[in-house]
Amino acid sequence: MDDAAAAGKDRAGPGGRTLAGAIWDAHVVAALSGESDLLAIDRLLLHERTGGVALQNLDEAGRKVLAPAQIFATMDHIVDTLPGRSDRTIMPTGTAFLTAMRDGARRHGITLFDLHDPRQGIVHVISPEQGIVLPGVTLVCPDSHTCTQGAFGALAWGIGSTEAEHVLATMTLRLARPLDMRITIDGALAPGVTAKDLALHIIGRLGSGGAKGHVIEFAGAAVRALDMEARMTLCNMATELAAFGAVIAPDDTTFAYLKGRAYAPTGNLWDAAMEQWRALRSDADAVFAIEHGFDASDLVPAISWGTSPQHVVPIDGAVPDFLALDGRMGRADYDRAIAYMDLRPGTALAGLPIDAAFIGSCTNSRMSDLRRAAAIIAGRRVAAGVRAICVPGSTQVKAQAEAEGIDRIFIDAGFEWREAGCSMCFFAGGESFGPRQRVVSSTNRNFESRQGPSTRTHLASPETVAASALAGCIADPRHVGAAA
Amino acid sequence: MIPLIAIEGIAVPLPRDNVDTDAIIPSREMKTVSKSGLAEGLFAGWRYLSMNSRDPDPAFILNDPRFAGAQILISGANFGCGSSREHAVWALAEYGFRVVVASSFSPIFRANCIRNGIAPVALPEEVTAILMAGATAGQPVAVDLRSMMVRQGEGAWPFTLDEEARAMLIEGLDTIQLTLKSSDDIALFRARDAVRRPWVYLR
């Protein structure tokens, strides 16, 4: 049954509450018909691709924004990432999106992190940076990767534009309660294996519909050991499992990250918040509709071979035979994927020549991602004929990287060093990779033509992208020796 | 929103899993700050022979005259995965689709459908396979939101939708208008919650 969302209200049987369930309960304004509740929303984030149209429709309907102080907007989806950028976008009609977002934000008193604001950047990078997301809040954004922010113990999920309008006008949403799934990850990641590899591995095993409609709680020793940026990477990819959202119980790592951020509470309010935040966890006897377990110790770097994030193999693996997929994929879909990717069953992924390498996106563009990639490329050169691009996730990340000299490492190696934004994670009509080009990418989606018409995307960690850029082919980052 | 109670007619089979919203409407086709003018970009990457042309690719099913005017689309698992862009649903609606039948949906796409008068009907894979085979042979499909049944030929299969979604589709409700009737409840909740969690209520 599709309606994973539907069964929620009936599950108040024996057993304790999940973290997601507890956050939900704290936000119920009123029960609606059937399984649905009217749920209070604490934070709404907008961006220029959908924010302008939502505000425009709201105006046309003669409605007001209920709580502008709880709403923030940024420019990330359409804005250029080339140095010297302005309102004139490469995307032919992009300027209108920027101006609609800006005018709408101004009209309604919404804080906008505009083009030249030092706080500008990808929405799921800047919201944590500014302390906009906090433990226990409900946070929505018309962007599917909003689940990223569940890393802070928030209930965060992606919505459409109409739902964004609904939040603008009412600071609520009408929705059926999602079911809970727990993914417990024991053990410890080996050196050179990252949260991205973990996420890809999980999607490969559970399939791209594997969490359909559920809120995933990531738990276990391996998750607790992750820093906040790695937790964000893990939660980011939950939407590639068709999850409603993802959540990680907040802990000292979370609190240390948030303390002192611009919109986080201070003084007595911080102490009062901490008292509530420390209680944000699933009860020991909480009941999850589905439980999965993984051992992080087993993992090696992962790479995708096909056109769905579930098409994943270990970096030393090969394109699987159809039969080895055990019915997890239809024959026609399989044939279509390998034809699109120009691969054959049994072809090793490592060693496949590439045309481009991309580091960026809401999945992997934060300081730690850039530092780890820089450690691999320092003192080395991108292989001849490979176009390599690094796009920091926010203007703040870019400035910090420049202060640390990381920009020089990328530039000296032959990478383009960009302004912050979503950039070539997808092709919005501006820049793209070429037809049939093979790209190793730290992004989240390898769909057909996602990064450009007929572009072939292989998803991987920033380390794998960096190592591949140097080698000119898909390469295992663990095999790059110390810098010469 | 136009109410959707029951519909019967030819259906377009799209026998693929994981049809993503980039495929339904590529980013480059979202050219204006608007909900309309998107039908032409529907499935653009598959529907036209090249990115820069509007020459129909005869191999793509929407270009098959037998399926012209179809209001029902049938596909595989995890339909509408990927980007949350509501433009995917606006494009389907503007093209004329009122029902998407699939073995499962991405949750955001599903919610977007309901808010735009498209019924997301989830049926088991065995059933969608039967429906697609029938649709390919030109058999009409009937979907009824009152009886919550899908029919084709002699076959009949029940489906489920949560009550709220069903009411919104059948009555064509404007949800914002509906929720604004609860403005007092919302104000009361926010006032109480602001005492409990003052840090949430920024000024």
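The values are calculated or read from the model by the stated rules, or taken from the named source; none is laboratory data. Worth saying up front: this structure is predicted, and the values here are computed from it rather than measured. Reconstructed Cβ throughout: ideal geometry from the backbone, glycine too, with neighbour counts over all protein chains shown. These area figures cover heavy atoms from the full protein model, side chains too; ligands, DNA and RNA do not enter into them. Shrake-Rupley method; radii C 1.70, N 1.55, O 1.52, S 1.80 Å.
Pairs meeting the criteria (first residue in segment A:238-259 and within 16 Å of residue A:282 (Cβ to Cβ) and more than 11 Å from chain B (Cβ to nearest Cβ), second residue among the hydroxyl-bearing types (Ser, Thr, Tyr) and open to solvent by 10 Å² or more (accessible area, probe 1.4 Å), beta carbons under 8 Å, at least 6 apart or on different chains) are A:249/A:282. Evaluation of residue A:436 against the conditions (1) at positive phi; (2) open to solvent by less than 40 Å² (accessible area, probe 1.4 Å) shows that the sole unmet condition is (2). Applying the condition of being farther than 20 Å from residue A:118 by Cα and open to solvent by 50 Å² or more (accessible area, probe 1.4 Å) to segment A:76-92 and asking which residue is modelled with the lowest pLDDT yields A:92.
Filter segment B:156-203 for residues that are in contact (Cβ under 8 Å) with a residue 24 or more places away in the chain and open to solvent by 60 Å² or more (accessible area, probe 1.4 Å); which is nearest to the other protein chains (Cβ to nearest Cβ)? Steps first, please.
Taking segment B:156-203 first, the residues in contact (Cβ under 8 Å) with a residue 24 or more places away in the chain are B:157, B:159-161, B:165, B:168-175.
In the following step, the residues that additionally are open to solvent by 60 Å² or more (accessible area, probe 1.4 Å) were identified as B:160, B:171, B:174.
Numbers: B:160: 6, B:171: 12, B:174: 9 Å.
Filtering segment B:156-203 for residues that are in contact (Cβ under 8 Å) with a residue 24 or more places away in the chain and open to solvent by 60 Å² or more (accessible area, probe 1.4 Å), the one nearest to the other protein chains (Cβ to nearest Cβ) comes out as B:160.
Evaluated against (1) farther than 15 Å from residue A:39 by Cβ; (2) within 13 Å of another protein chain (Cβ to nearest Cβ); (3) open to solvent by less than 10 Å² (accessible area, probe 1.4 Å), residue A:140 falls short on exactly one condition, (1). When the residues of segment A:25-71 are narrowed to those that are touching a Gly at 6+ places or on another chain (Cβ under 7 Å), surrounded by fewer than 24 Cβ atoms within 10 Å (Cβ to Cβ) and facing chain B (nearest Cβ under 7 Å), which ends up nearest to residue A:115 (Cα to Cα)? Looking at the filtered set, the residue picked out is A:56. Cβ separations smaller than 7 Å between residues 6+ apart or across chains give the following pairs from segment A:185-196 residues that are in contact (Cβ under 8 Å) with a residue 24 or more places away in the chain to residues that are open to solvent by less than 40 Å² (accessible area, probe 1.4 Å) and part of a strand (DSSP E or B): A:185/A:218; A:185/A:294. Taken together, the residues in segment A:73-106 that are outside any loop (DSSP other than H, G, I, E, B), touching a helix residue (DSSP H, G or I) at 6+ places or on another chain (Cβ under 7 Å) and more than 9 Å from every other protein chain (Cβ to nearest Cβ) amount to 3.
Could you tell me how many of the residues in segment A:387-432 are away from chain B (no Cβ under 14 Å), open to solvent by 20 Å² or more (accessible area, probe 1.4 Å) and not hydroxyl-bearing (Ser, Thr, Tyr)? Even if it seems obvious, please write down each step before you answer.
From segment A:387-432, those away from chain B (no Cβ under 14 Å) are A:387-420; that's our starting set.
Going one step further and asking which of them are open to solvent by 20 Å² or more (accessible area, probe 1.4 Å), we end up with A:387, A:395-396, A:398-400, A:402-405, A:407-409, A:411-412, A:414, A:416-417, A:419.
Subset that is not hydroxyl-bearing (Ser, Thr, Tyr): A:387, A:396, A:398-400, A:402-405, A:407-409, A:411-412, A:414, A:416-417, A:419.
The number of residues fulfilling the criteria is 18.
A residue that is assigned to a strand (DSSP E or B), more than 7 Å from chain A (Cβ to nearest Cβ), out of contact with any helix residue (DSSP H, G or I) (no Cβ under 7 Å at 6 or more places or on another chain) and over 23 Å from residue A:425 (Cβ atoms) can be found somewhere in segment B:99-118.
Regarding residue B:31, is this residue open to solvent by 40 Å² or more (accessible area, probe 1.4 Å) and under 27 Å from residue A:156 (Cβ atoms)?
Numbers: open to solvent by 40 Å² or more (accessible area, probe 1.4 Å): yes; under 27 Å from residue A:156 (Cβ atoms): no.
No: the conditions fail for residue B:31.
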